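Notes for the one structure printed next.
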Amino acid sequence: MRIICIRPLKRDPNNTDKWSVLKGLKEEEFYYLYDGYDIMKDYIYLRDRTVPDDLYYPKRYTAGETEAEFKVDICAIVGENGAGKSTLVDIYIRVINNLAAFIFGEEFLFPKAEHLHFISGVFAEVYIEIEKKIYCIRCFDNAIETIEFSLNKRERRYERQSPNVFSAVLVKGEVCKPHSEYLDMLAGLCYNTVLNYSVHSYNSVAYRDEDTAAAKEISIRNKGFNDGLYRPKFMFDKRGNVRKLDKKLLDKHFPEGYSWLSGVFHKNDGFQTPIVISPKRDYGMIDINNENDLSEERLLSLLFVENKKEKKDGKRFPFSEVNDKLRIEGFTLSANTERINKYKEAPESHPDLPEYSVEDYVDLRDFIRDEYENEFHLSKYDRHHKEAAINYLVAKTIKIIMTYPRYESGRVFLAKKTKKLGPGDKLGMRKDLNELWQDHSHITTKMWRTLNYLRYDHIDKRTSFQTGQLADSISAIIDSYPEGQPVQFLNYPPRNTNEMLPPPIFNVDFHLYDMDDTKKRHRIKFSTLSSGEKQITYILCSLFYYMICLDSAKDFWHTKDNEKEQIEYKHINVIFDEIELYFHPEMQRNFISTLLHGLQQLPLTGIRGLHFMIVTHSPFVLSDLPIQNILFLEKGGNKADKSDVASFGANIHTMLVNSFFLKGGAMGQFAKETIVKIIDQVNATYLEEKLKYYKGDVEKMIDENYQIIRTLPETYQNQLRHGGLFNVYIDWQFIRKMADVIQEPIVRQRLKELLERRRNYVDTESR
C-alpha cells in the first residue's frame, strides 16, 4: 500500500472563512509522495519505476492455510522549517478523520472512547493505493466523497469507477449519523497511526477555530450519557446523583471536548476508528511518566517475542536489544505498592459505576468474585498478594465490560442496574463472563496475566527472572495440556507466553546491560537511559504494540453476532512526524534498519501491508530511501527540483552540503560570519597598505585590485571610493589564534596565506 498523493483544493469561493490549515501550501497542487503516477480526472497513469516493489521487506508469510504477501513501503516528506511538511500531515489527518466521522457518525459508539468530530472547512483530497486499487477521499467543506480507481494492467493505468463509492453533503450544524454500509470499504483501506513527540504539536488550543459548536457538542454528550456510552465522573455529584450537562459544566471539566483532536487521540474502541495520534496530549502536554509506564509494559510483552529457530538468548529474543547497544537479560519484580494497597481490601466502589450505592456495588463485586473462584478454582491456590490480585481481577472485569462494545449487553445492564442481582440478572452476567473468558485479544491480556499468576507457580514469590528461564517455564506449562481437547474441558489453558507474564500488581525493572559489559557488572536502570534511547523505545514499542493489537482483532471479534460490525484492517499506515527528535545522527542513520529488523521478528498473521511516511529534516534517514520515494518541499509550498539531490546509498556528507539541505553552506552560521569578518578585515588592511604604494591614487588602486575589492562588504567599498581609508581596528593576536582554531583545512590555509601576504607586504614596504 502507498499514500501516493495529498492535494489541497481550492476552497469554495462562497466560503468566507479563511482556510488557515493550508498555510504556505498551494491550492490545486498535487503533492506526490512517490514518483511514477500522473493523476487525471478519470485516469491515474503509471510510469516506469526503477525501485523494486520488494525493496524493504521481501517476505511471504502463511496466514492460516494460505500464503500471502507482506509488503512494506517507505516514503518521506523533507523540507526546512515552515516549508509545509507538518501541514501536509495535518491535511491528511483531517481527511481521514472526516471519512471516519462520516462512516461511524459523530455520536458516541464506544464506551470511554471520545466521539469523532466532522471538521467543516476542509478542502483537500488524498490518494491511497491498496491492492490494485486507488481510492481518492475528497473533502470539500461539508461535502465528502470517495472515488475508486481500478488497475488496468494492459493500459498501465488506474481507471475511475462509476458511480463513486459514496458522495454526500452534510448539513452544517447537524450531528452526522453513521453510514455503516461503508464499513467494508473502510476495512479495505488502512489503519493510520501518527507518532509525534514534539512538545509543540497537536495542542488543541491551536485548533480552536475548528471546534464543534457548543450546542451540538452538548447534544452529542447528553445522548451519549443517556445511551450509557458516556459516563464521566463530573456528571455525578458526591452522592451519585446525575447532574445536567451544560456548557458551564463541560467548560470547567473538559474544555478540550469541543476539539476534533480529542476524538483521534488513543482511545478504547478496539482499534476501529482508522486513525490515532500518539502520544495522547492534554492541552498539548504529554504525560511522560505515563509514557514511561506504557513503554515498559509494552517492552515486557515484546521481550518474550521468540525466534524459536535460535537457541542463544541474545538471538532467541530479538527485542532484548535496545538501540544495538544494550541488552535486556531479564527483570526484577517488586510490589506495586499503590495498586496493592488499593486492592488489598475489596473496594466498595468502581470509577465506571459512580452512581452505585455501596450495597449495590458490593453485591455485584462479590458475585463476580465468586464466579471467578468457582470457574477457576482459585481457592486451592496460595499466592503472594492473592487478595489484591483477585480484587484487581474483579475491578478489571468490570472495566472491560464497561469499556468495550463487544460486551454491550453487560454494559447496558450494569449502567441501568438499580437493585441487587436477581436470578435472571445472574444468569445474564454469567453469559457475559463466559464470553469474556473466550477473549484472548489485547483487551484481556492483563486479566489473563492476573488469572494465570493465581493458577500457576511460575512467578509466585520470586523476584528475579532471566528471560530464557522464564520462557522455558511458561512453555512447559502450555505444552502440558493435550492437544485436541475442548477449552472448557481443560479449564482455560493459557494460549501464549504473553498471557503468563507478571500481572499489573507488580512493577518491572529490566536487567539492562551494556553489550560490552560481558561480565554484567553494571546494571542499567531503564529510567536512566538517555533521551534518545528512551525516545526510540517509546516509538518502536508503541508501533509494534499497535501492530500486534491490530493483528489480534481476529481473536477479539470471533462470534458471528459481531462479524458484520468488526473491522479487521489488513494494512497499516504509520506517520513518523519529526522522527529525528532526540536522536543522535548515528541513531538517525540506523533508524530504518532498526525498524525493519524489528518488523521481521513480529508474529503477524493477518497484516498484509505496512506503509511508513517519514516527515524529517534529516539526511541521515534519507540515505535509506530512494529519491523516487521522497517529496522535497521548499518555502512557499513549492516542490523542489530533485535532479541534483541524491539519497539512497548516497554519502551523507554529500547530501548535507547539497544546497537543498544547507543553502548557506555546510558550516555553522556564527563560524561562517566570524571567518568572513576576519577575511574582510585582513583584505581591508591589505588594501589600505596597498594604497600607500599607489600614493593615494584610489582609482588606480581600485582598478588593479578589483578582484579583492569586490569581495568586501558594500560599506567598505563605499568608504574606499569616498575616502580611501577603512579605519578598521584589527586585533591581530585574535586573528592569528583563529587561524589555528578554524578546522576547515582550505579556509584555514587561505587565512594563513592572507596573514603571510600582509606580513610580507608590510616588511617589504618598511625596508
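Just tell me which lysines come within less than 25 Å, Cα to Cα, of LYS419; anything on the same chain fewer than 8 places away is out.
By straight Cα distance, LYS419 reaches LYS112, LYS223, LYS233, LYS238, LYS244, LYS396, LYS399, LYS431.
How far, in degrees from 0 to 90, does helix 85-104 lean away from the longest principal axis of the Cα atoms of the chain, to the nearest 10?
20
Within the chain, what percent of beta bridges assigned by DSSP are antiparallel, to the nearest 5? Show your work: numbers first, answer last.
Working: 63 of 92 bridges.
In the chain, approximately 70 percent of DSSP beta bridges are antiparallel ones.
How much length, in nm to one decimal, is gained on full extension between THR463 and VAL242, taken as 0.36 nm per residue of separation minus their Cα-Cα distance?
Values: separation 221, 0.36 × 221 = 79.56 nm, distance 4.57 nm.
Once the chain is fully extended between THR463 and VAL242, it gains 75.0 nm.
How much length would be gained if the chain were fully extended between ASP517 and LYS431, taking 0.36 nm per residue of separation minus their Cα-Cα distance, in nm to one decimal?
Working: separation 86, 0.36 × 86 = 30.96 nm, distance 5.40 nm.
The span from ASP517 to LYS431 would gain 25.6 nm if fully extended.
Can you bin the chain into rounded, prolate or oblate? Criterion: square roots of the alpha carbon gyration tensor eigenvalues sorted a ≥ b ≥ c, rounded for a/c under 1.5, prolate for a/b above b/c, oblate for the rest. Intermediate results must be reported in sequence, preceding the final value.
Details: a/c = 2.18, a/b = 1.74, b/c = 1.25.
Because a/c hits 1.5 or more and a/b exceeds b/c, the chain counts as prolate.
Explain nothing, just the number: dipole magnitude of the chain about its Cα centre with +1 on each Lys and Arg Cβ and -1 on each Asp and Glu Cβ, in debye rounded to the nearest 20.
The calculation lands at about 760 debye.
I'd like the FRET efficiency for SER349 and VAL169, computed as 1/(1 + (r/R0)^6) with the beta carbon distance as r and R0 of 45 Å, rounded to 0.05. Provide the component values of the computation, followed by the final result.
Values: r = 47 Å, r/R0 = 1.05.
Plugging the Cβ-Cβ distance into 1/(1 + (r/R0)^6) gives 0.45.
With point charges of +1 on the Cβ of Lys and Arg and -1 on the Cβ of Asp and Glu, referenced to the Cα centre of the chain, which listed residue (ASN289, ILE474, THR537) lies farthest in the positive direction of the dipole?
Of the options given, the answer is ASN289.
Which aspartates and glutamates, if any, have their Cα less than 12 Å from the Cα of LYS177, not counting same-chain residues under 8 positions apart?
GLU106, GLU107
Using modelled backbone amide H atoms (1.01 Å from N, in-plane), which distant-in-sequence or interchain residues come within less than 5 Å of SER647's amide H?
ILE627
With a 10 Å radius around each residue's Cβ, average the other Cβ atoms per peptide and rank 740-748, 380-388, highest first.
Descending packing order for the listed peptides: 380-388, 740-748.
Which order do the peptides 247-257, 389-399, 704-714 take when ranked by the mean count of other beta-carbon atoms within 10 Å per residue, highest first? Mind showing how you got there, number by number?
Values: 247-257: 14.6, 389-399: 21.3, 704-714: 12.5.
Going by the mean number of other Cβ atoms within 10 Å, highest first, we get 389-399, 247-257, 704-714.
May I ask you to derive the FRET efficiency for GLN628 and GLU359 from their Cβ-Cβ distance with R0 = 45 Å, giving the value to the nearest 0.05? Please report the intermediate quantities before stating the final value.
Details: r = 69 Å, r/R0 = 1.52.
Efficiency computed from Cβ-Cβ geometry: 0.05.
How far apart, in nanometres, would the label points at LYS642 and LYS132 be if each is projected 7 angstrom from Cα along the Cα-to-Cβ direction?
Placing both labels 7 Å beyond Cα along the Cβ direction yields 2.7 nm.
Placing +1 on the Cβ of each Lys and Arg and -1 on the Cβ of each Asp and Glu in segment 397-537, which of THR518, ILE401, VAL508 has its Cα farthest towards the positive end of the resulting dipole?
Checked the options; the winner is ILE401.
If one takes the longest principal axis of the Cα atoms in the chain, at what angle in degrees, from 0 to 90 and to the nearest 10, does the Cα axis of helix 669-693 lie?
Taking Cα atoms only, the helix is inclined about 0 degrees.
Taking the dipole about the Cα centre of segment 192-242, with the C-beta of Lys and Arg at +1 and of Asp and Glu at -1, give me whichever of VAL194, SER219, SER204 is farthest to the positive side.
The residue sitting most towards the positive pole is SER219.
Go ahead and run the numbers for FRET between THR711 and THR50, Cβ-Cβ distance against an R0 of 45 Å, rounding to 0.05.
Values: r = 44 Å, r/R0 = 0.97.
Given R0 = 45 Å and the Cβ-Cβ separation, E is 0.55.
In terms of Cα to Cα distance under 22 Å, which lysines are near enough to LYS10, apart from those fewer than 8 places away along the same chain?
Answer for LYS10, where 22 Å is the Cα cut-off: LYS18, LYS23, LYS26, LYS41, LYS85, LYS172, LYS635, LYS639, listed by chain and number.
Could you work out how far apart the two model spin labels at ILE746 and LYS419 are, taking each label as a point 7 Å from the Cα in the direction of the beta carbon, and quote it in nm?
My value for the distance between the label points is 9.1 nm.
What value, in deg cm²/dmol to 500, does the helix sum -39500 (n - 2.57) over DSSP H runs of n ≥ 4 give at 222 nm once divided by the residues of the chain?
Dividing the helical sum by the residues of the chain leaves -11500 deg cm²/dmol.
Between ALA206 and ILE730, what length comes free when the chain is fully extended (0.36 nm per residue of separation minus the Cα-Cα distance, one decimal in nm)?
Taking 0.36 nm per residue and subtracting the Cα distance, the gain is 183.6 nm.
Could you line up MET40, MET235 from fewest to most neighbouring Cβ atoms inside 10 Å?
Result, fewest neighbours first: MET40, MET235.
Can you list the HN-Hα couplings for segment 542-551, worked out from phi with the Karplus curve (6.51, -1.76, 1.60; θ = phi - 60°), rounded to whole Hz and with x for Gly and Pro?
Rounded to whole hertz, the list is 4, 4, 5, 4, 4, 5, 5, 5, 4, 5.
Rule-based calculations on the coordinates, nothing more; no lab input. Just so it is clear, the model here is predicted, and its values are computed rather than measured. Heads up, the Cβs are rebuilt from the backbone with ideal geometry, glycines too, and the neighbour counts pull from every protein chain shown.
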